[in-house]
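This report refers to the structure that appears directly beneath it.
The values are calculated or read from the model by the stated rules, or taken from the named source; none is laboratory data. Source: prediction; values computed, not measured. All Cβ positions, even for glycine, are placed from backbone atoms using ideal geometry, and neighbour counts span all protein chains on display. What goes into the accessible areas is simple: the full protein's heavy atoms, side chains included, and nothing from ligands, DNA or RNA. Shrake-Rupley method; radii C 1.70, N 1.55, O 1.52, S 1.80 Å.
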Amino acid sequence: MPDPVIRGRFISLEGVDGAGKSTHAAWLADALAARGHRVVRTREPGGTPLGEALRQLLLTQPMTHETEALLMFAARQEHVVNIIAPALARGDWVLCDRFTDATYAYQGGGHGVATEFLRELEERVHAGCNPDVTLLFDVPPDVSRKRLSDCARKGRELDKFERESAAFFERVRAAYFERAHAEPSRFRVIDATRPLNDVRADLARIVATL
Ligand code: TMP
């Protein structure tokens, strides 16, 4: 485990597809760097060469929901060992676009994979390496659908998850809320339907407290 004295901070960003979290991640990385932190910005699934190869499969190939969860955790194992834990040990701040909450929300809530199955994988893959703070960018499914169909209209092909039904996104959102309620000291729920500058003002306030 990294030395707690020099350990950096681990921040994860979560939310249903179309919540705008990647746009906010870029701004947040700059805001943290401006405060003098060394920031490692990364994402899941992905973040390592193998993780990015698994991402490609996960976003395009049909597979059972359990296989999906296993591959998410396989990518995560590589990511934690090679990128996240070393960065935290160096004292860097890690800004991770999605982490294990996404597996509980998408594979658990969205696809019905048993919580016990996910909990066991979580325990084996990254016990002791968890986000200090999780920013949950919340939008209702109709806003998410509208943003995704705007993307599709502009010619971007939607991936396997983005093509899921509104009911799926309702379940994913409910699972995120359940986790946020269970761990209120870790989660900051942000209403991401508001204008960009309002969301940024929230983020600036949160950053100042970290
Ligand atoms: P992204 O579009 O935010 O980069 O995420 C890629 C997709 O992967 C997104 O639709 C959510 C999904 N996903 C899961 O289903 N489970 C997970 O554990 C992670 C990290 C992502």
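About its Cα centre, what dipole magnitude does segment 124-173 give when the only charges are +1 on Lys and Arg Cβ and -1 on Asp and Glu Cβ, stated in debye to the nearest 20?
Charge dipole of segment 124-173: 180 debye, to the nearest 20.
Looking only at segment 111-137, which residues have a backbone nitrogen under 18 Å from a spot 7 Å from the Cα of Ala89 in the C-beta direction?
Once the point is set 7 Å along Cα→Cβ of Ala89, 125-131 turn out to lie under 18 Å by backbone N, inside segment 111-137.
Assign one of three labels to segment 10-209, namely rounded, prolate or oblate, based on the Cα gyration tensor with a ≥ b ≥ c the square roots of its eigenvalues; rounded applies when a/c is under 1.5, prolate when it is not and a/b is larger than b/c, and oblate otherwise. Please list the in-between numbers first.
Numbers: a/c = 1.42, a/b = 1.07, b/c = 1.33.
It comes out rounded by the Cα gyration axes.
If I build a Gaussian network model for the chain, linking alpha-carbon pairs within less than 10 angstrom, which residue out of Arg43, Arg179, Arg145 has the largest mean-square fluctuation?
It is Arg179.
If you roll a 1.4 Å probe over segment 10-209 with all protein chains in place, what percent of the accessible area is carbon or sulfur?
Carbon with sulfur: 54 percent of the solvent-accessible area.
Between Ser12, Leu59, Gly128, whose Cα lies farthest towards the positive end of the dipole of the chain when Lys and Arg beta carbons carry +1 and Asp and Glu beta carbons carry -1, centred on the Cα centre?
The listed residue farthest towards the positive side: Ser12.
Using the Cα centre as the reference, give the magnitude of the dipole from point charges on the C-beta atoms of segment 30-181 (Lys, Arg: +1; Asp, Glu: -1; all else neutral), rounded to the nearest 20 debye.
520
For segment 165-197 and segment 48-113, what is the separation of their C-alpha centers, rounded to whole Å?
19
Go ahead and estimate [θ] at 222 nm for the chain from helices alone: -39,500 (n - 2.57) per DSSP H run with n ≥ 4, summed, over the residue count, rounded to 500.
Estimated from H runs of four or more residues: -15500 deg cm²/dmol.
Using a 1.4 Å probe and counting only protein heavy atoms, arrange Cys151, Cys129 so the residue with the most accessible area comes first.
In descending accessible area the options line up as Cys151, Cys129.
Ordering Asp142, Asp97 by how much accessible area each has at a 1.4 Å probe, largest first, what is the list?
From most accessible down to least: Asp142, Asp97.
From the residues Ser185, Ala25, Ala102, which one has its Cα farthest along the dipole of segment 10-209 in the positive direction, the dipole being from +1 and -1 charges on Cβ of Lys/Arg and Asp/Glu about the Cα centre?
Ala25
Averaged per residue, what accessible surface does segment 52-192 expose to a 1.4 Å probe, in Å²?
Result: 46 Å² of accessible area for each residue.
Which value, in debye to the nearest 20, describes the size of the charge dipole of segment 1-81 about its Cα centre when Lys and Arg Cβ atoms bear +1, Asp and Glu Cβ atoms bear -1, and nothing else is charged?
Numbers: 9 positive and 9 negative charges, 85 e Å.
Dipole size: approximately 420 debye.
Using a basic spin-label model with each label point 7 Å from the Cα along Cα→Cβ, how many nm lie between Ala167 and Ala53?
Label at Ala167, label at Ala53, 3.7 nm between them.
Work from the charge dipole of the chain (Cβ charges, +1 for Lys and Arg, -1 for Asp and Glu, about the Cα centre) and give the residue of Ala114, Gly91, Phe73 farthest towards its positive end.
Farthest towards the positive pole: Gly91.
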